[in-house]
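Colleague: For reference, the structure I am asking about is given below.
The values are calculated or read from the model by the stated rules, or taken from the named source; none is laboratory data. The shown structure was predicted, so the numbers you read here are calculated from the model rather than taken from an experiment. Heads up, the Cβs are rebuilt from the backbone with ideal geometry, glycines too, and the neighbour counts pull from every protein chain shown. Just the protein is used for accessible areas: all its heavy atoms, side chains included, with ligands, DNA and RNA removed. Shrake-Rupley method; radii C 1.70, N 1.55, O 1.52, S 1.80 Å.
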Amino acid sequence: MMKKLIAITLSFLLVMPVMAEEVDETLDAAPDGQVDISNIAGSITVTGWSRDAVEVTGTLGRNVEELIFERKKDKVTVKVKVPRHGGRGIDSDLHINVPQNSSIDVSAVSADIDVTDVLGEQRLHTVSGDVSSESAGNDVEAESVSGDVEVDGDKSDTETIASTVSGDVTLFRVSGTVSAESVTGRVIVDEGSFSRVDLNVVNGELLFQAGLRKGGKLSAETVNGAVDVELVGDVSAKIDVSTVNGRIRNCFGPEPERTSKYAPGWSLRFTEGDGDGRVDISTVNGGVKLCRK
Amino acid sequence: MTELNDDKLAAAARRLPTEISPERDLWPGIAEAVRAPRRARWTPMFAQAAAIVLLIGASSAVTYVAVSGQQGPVTQVAPNLIFEQTSFGSRYNVGPGFQDARDELVAQLDVELARLSPQTRAEVATNLEVLHEAIFAINEALERDPDNLMLQAKLVNAYREELSVLRRVGGLTRNVMMRNDI
């Protein structure tokens, strides 16, 4: 009987540290304040809601030292504190509700970041993981090293900066100015209208299907990969397209010309409309398609 | 005998074509070069190169200040992260200062990489290799067409992107680990 009791007690003690700790805490917050969130590993989900409060639910890894959750004036902090050397058992999954007009700054190392319905500015950074923001209504800076980045806007004028090293960058319904880049992966911009667009890929495709405003500037560059640009609406720009190894197919403007009788490159330069904007497209190894609708 | 040879020589000379065309039509290139405004072709490029060197210098200084207080083992840079010689086509070099500054960033990156998962480390290494291959491809194209401004700009962009990756990987990891504002 005694042996049985000791065995049960030991089992309980062994199992106990493995169990993740549940968290469910709420703090009052400013309706349009700042919320800073940091979680080294696991996942972070942030949702904008109508209450003037920040709510944190989820689980903390067994080796997490503590969850720092505090408010100083208009700034709320949510931080998963882990041992300095990191290690196992620090994965924490957090779901955080914030006032819809909050600005957020989210940092992670090995965690996905998902944001929905937050209308303030967003700064989202992870090293290894995907970053996604839906219904973003303000400036967004989204960055990953190894993972996809996706921003879904509401077509309001904002500044969107999205980058990854290894992964795709997809931007839906954002407008205003955009800068997107990937080393290995695709960059896609779909819908919206822009005054400034900078797209850069080293190995991968560039797809742009959106409007360029009067006086707007679009730059799309790859080293190895195709570029497909479809300008929606009126086009008024000086257009300069060039390749080193690759054909150019255009649905408007003059025929492309060979850059040289002895090299496989092509170029296309012309002015469309009043020519008050600029479209610069270039690739080293890959074709370019330029159309409008 | 001499007179006979002279006659043969004169006859052979008469048979020669009166004009010889070059193997390929060089005039369009010459005309374009004459028409084009003369400009110091290396000037914008070196200005950009100088900007990059300054950028790296400033970045290195900031990074050095940021990491100098840290304790931790500094591991050797993996061989596949050693960069090739920086060059602008066959004619231009940005000099040892650029390479030294970049080597410093690579060494710091190695410290940061040690904190990441093996998978992430592998992805970073793979993408740096992609960048090196891109730089190699651009350099190859520049060998064939050294005055191509688009290629020169792409090369500068590729170097900039490489530095950006180095800084982002190191910066992101360090910033999250050591955030004092939170």
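Colleague: Would you confirm whether any residue within region B:166-175 is modelled with pLDDT of 80 or more and at the interface with chain A (Cβ under 10 Å from one of its Cβ atoms)?
Modeller: no
Colleague: On to the next question. Evaluate region A:256-267: report whether one residue or more is more than 14 Å from chain B (Cβ to nearest Cβ), β-branched (V, I, T) and in contact with a strand residue (DSSP E or B) (Cβ under 6 Å, 6 or more places away or on another chain). Even if it seems obvious, please write down each step before you answer.
Modeller: So in region A:256-267, the residues more than 14 Å from chain B (Cβ to nearest Cβ) come out as A:256.
So of that shortlist, the ones also β-branched (V, I, T) come out as none.
No, that holds for no residue.
Colleague: Look at region A:159-168 and say how many of its residues are more than 14 Å from every other protein chain (Cβ to nearest Cβ) and within 9 Å of the chain's Cα centre (by Cα). Steps first, answer last, please.
Modeller: Step one: of region A:159-168, the residues more than 14 Å from every other protein chain (Cβ to nearest Cβ) are A:159-160.
Still in the list and also within 9 Å of the chain's Cα centre (by Cα): A:160.
Of the residues in that region, 1 qualify.
Colleague: Is it fair to say A:K293 is over 20 Å from A:D190 (Cα atoms) and open to solvent by 20 Å² or more (accessible area, probe 1.4 Å)? Outline the logic, then answer.
Modeller: Details: over 20 Å from A:D190 (Cα atoms): no; open to solvent by 20 Å² or more (accessible area, probe 1.4 Å): yes.
No; evaluated as a whole, the condition is false for this residue.
Colleague: Sticking with this one: Of the numbered conditions (1) buried (at least 18 other Cβ atoms within 10 Å of the Cβ); (2) of a type outside the set (S, T, Y); (3) under 17 Å from A:I40 (Cα atoms), A:G167 satisfies every one except a single condition; which is it?
Modeller: So the condition that A:G167 fails would be (3).
Colleague: Can you confirm whether A:A136 is closer than 25 Å to B:V156 by Cβ, touching a residue at least 24 places away in the same chain (Cβ under 8 Å) and open to solvent by less than 40 Å² (accessible area, probe 1.4 Å)? Don't jump to the end; show me each part of the working.
Modeller: Details: closer than 25 Å to B:V156 by Cβ: no; touching a residue at least 24 places away in the same chain (Cβ under 8 Å): yes; open to solvent by less than 40 Å² (accessible area, probe 1.4 Å): yes.
For A:A136, the condition - closer than 25 Å to B:V156 by Cβ, touching a residue at least 24 places away in the same chain (Cβ under 8 Å) and open to solvent by less than 40 Å² (accessible area, probe 1.4 Å) - is not met.
Colleague: Can you tell me how many residues within region A:80-105 are at pLDDT 95 or above and either open to solvent by 40 Å² or more (accessible area, probe 1.4 Å) or in contact with a Phe, Trp or Tyr (Cβ under 8 Å, 6 or more places away or on another chain) (or both)?
Modeller: 7
Colleague: If you don't mind, another one. Filter region A:248-282 for residues that are polar (S, T, N, Q) and either closer than 17 Å to B:A153 by Cα or modelled with pLDDT under 95 (or both); which is most open to solvent (accessible area, probe 1.4 Å)? Show your work before the answer.
Modeller: Going residue by residue through region A:248-282, those that are polar (S, T, N, Q) are A:250, A:259-260, A:267, A:271, A:282.
Still in the running and either closer than 17 Å to B:A153 by Cα or modelled with pLDDT under 95 (or both): A:259-260, A:267, A:282.
Values: A:T259: 78, A:S260: 40, A:S267: 17, A:S282: 12 Å².
Per the criteria, the residue is A:T259.
Colleague: Ok, one more. Looking at region B:117-131, which of its residues are at the interface with chain A (Cβ under 9 Å from one of its Cβ atoms) and in contact with a helix residue (DSSP H, G or I) (Cβ under 7 Å, 6 or more places away or on another chain)?
Modeller: B:V124, B:N127, B:L128, B:L131
Colleague: Only one of (1) modelled with pLDDT of 95 or more; (2) over 23 Å from the mean Cα position of the chain (by Cα) is not met by A:A226, so which one is it?
Modeller: A:A226 satisfies all of (1) modelled with pLDDT of 95 or more; (2) over 23 Å from the mean Cα position of the chain (by Cα) except (2).
Colleague: Tell me yes or no: at least one residue of region A:189-199 is under 20 Å from B:Y159 (Cα atoms) and either aliphatic (A, V, I, L, M) or at pLDDT below 95 (or both).
Modeller: Step one: list which residues in region A:189-199 are under 20 Å from B:Y159 (Cα atoms), which gives A:198-199.
Checking which are either aliphatic (A, V, I, L, M) or at pLDDT below 95 (or both) leaves us with A:199.
For region A:189-199, residues under 20 Å from B:Y159 (Cα atoms) and either aliphatic (A, V, I, L, M) or at pLDDT below 95 (or both): present.
Colleague: What are the residues in region B:121-150 that are open to solvent by less than 10 Å² (accessible area, probe 1.4 Å) and either in contact with a Gly (Cβ under 8 Å, 6 or more places away or on another chain) or within 30 Å of A:S110 (Cα to Cα) (or both), if any? Please lay out each step first, then the result.
Modeller: Step one: of region B:121-150, the residues open to solvent by less than 10 Å² (accessible area, probe 1.4 Å) are B:124, B:127-128, B:131, B:134-135, B:138, B:141-142.
Of everything in region B:121-150, those that are open to solvent by less than 10 Å² (accessible area, probe 1.4 Å) and either in contact with a Gly (Cβ under 8 Å, 6 or more places away or on another chain) or within 30 Å of A:S110 (Cα to Cα) (or both) turn out to be B:V124, B:N127, B:L128, B:L131, B:A134, B:I135, B:L142.
Colleague: Okay, next question. When you look at A:V18, is it within 30 Å of A:H85 (Cα to Cα), at pLDDT below 90 and more than 14 Å from every other protein chain (Cβ to nearest Cβ), yes or no? I'd like the intermediate steps shown before the answer.
Modeller: Working: within 30 Å of A:H85 (Cα to Cα): yes; at pLDDT below 90: yes; more than 14 Å from every other protein chain (Cβ to nearest Cβ): yes.
Yes, satisfied.
Colleague: Among the residues of region A:31-44, which ones are outside any strand (DSSP E or B) and open to solvent by 30 Å² or more (accessible area, probe 1.4 Å)?
Modeller: The first filter runs over region A:31-44 and keeps only residues outside any strand (DSSP E or B), leaving A:31-33.
Answer for region A:31-44, where residues must be outside any strand (DSSP E or B) and open to solvent by 30 Å² or more (accessible area, probe 1.4 Å): A:P31, A:D32.
Colleague: Let me ask something else about it. Output yes when any residue across region A:180-191 is farther than 27 Å from B:E133 by Cβ, touching an Asp or Glu at 6+ places or on another chain (Cβ under 9 Å) and not hydrophobic (A, V, I, L, M, F, W, C), and no when none is. Let's see the steps before the verdict.
Modeller: First, pick out the residues of region A:180-191 that are farther than 27 Å from B:E133 by Cβ: A:190-191.
Applying the additional criterion that residues be touching an Asp or Glu at 6+ places or on another chain (Cβ under 9 Å) yields none.
No, every residue in region A:180-191 fails to be farther than 27 Å from B:E133 by Cβ, touching an Asp or Glu at 6+ places or on another chain (Cβ under 9 Å) and not hydrophobic (A, V, I, L, M, F, W, C).
Colleague: Just to check your reading of the model, which residue among A:N203, A:N285, A:N245 is over 24 Å from A:S175 (Cα atoms), surrounded by fewer than 17 Cβ atoms within 10 Å (Cβ to Cβ), of a type in the set (S, T, N, Q) and within 14 Å of another protein chain (Cβ to nearest Cβ)? Even if it seems obvious, please write down each step before you answer.
Modeller: Working: A:N203 fails: surrounded by fewer than 17 Cβ atoms within 10 Å (Cβ to Cβ); A:N285 fails: surrounded by fewer than 17 Cβ atoms within 10 Å (Cβ to Cβ).
None of the others qualify; the one that does is A:N245.
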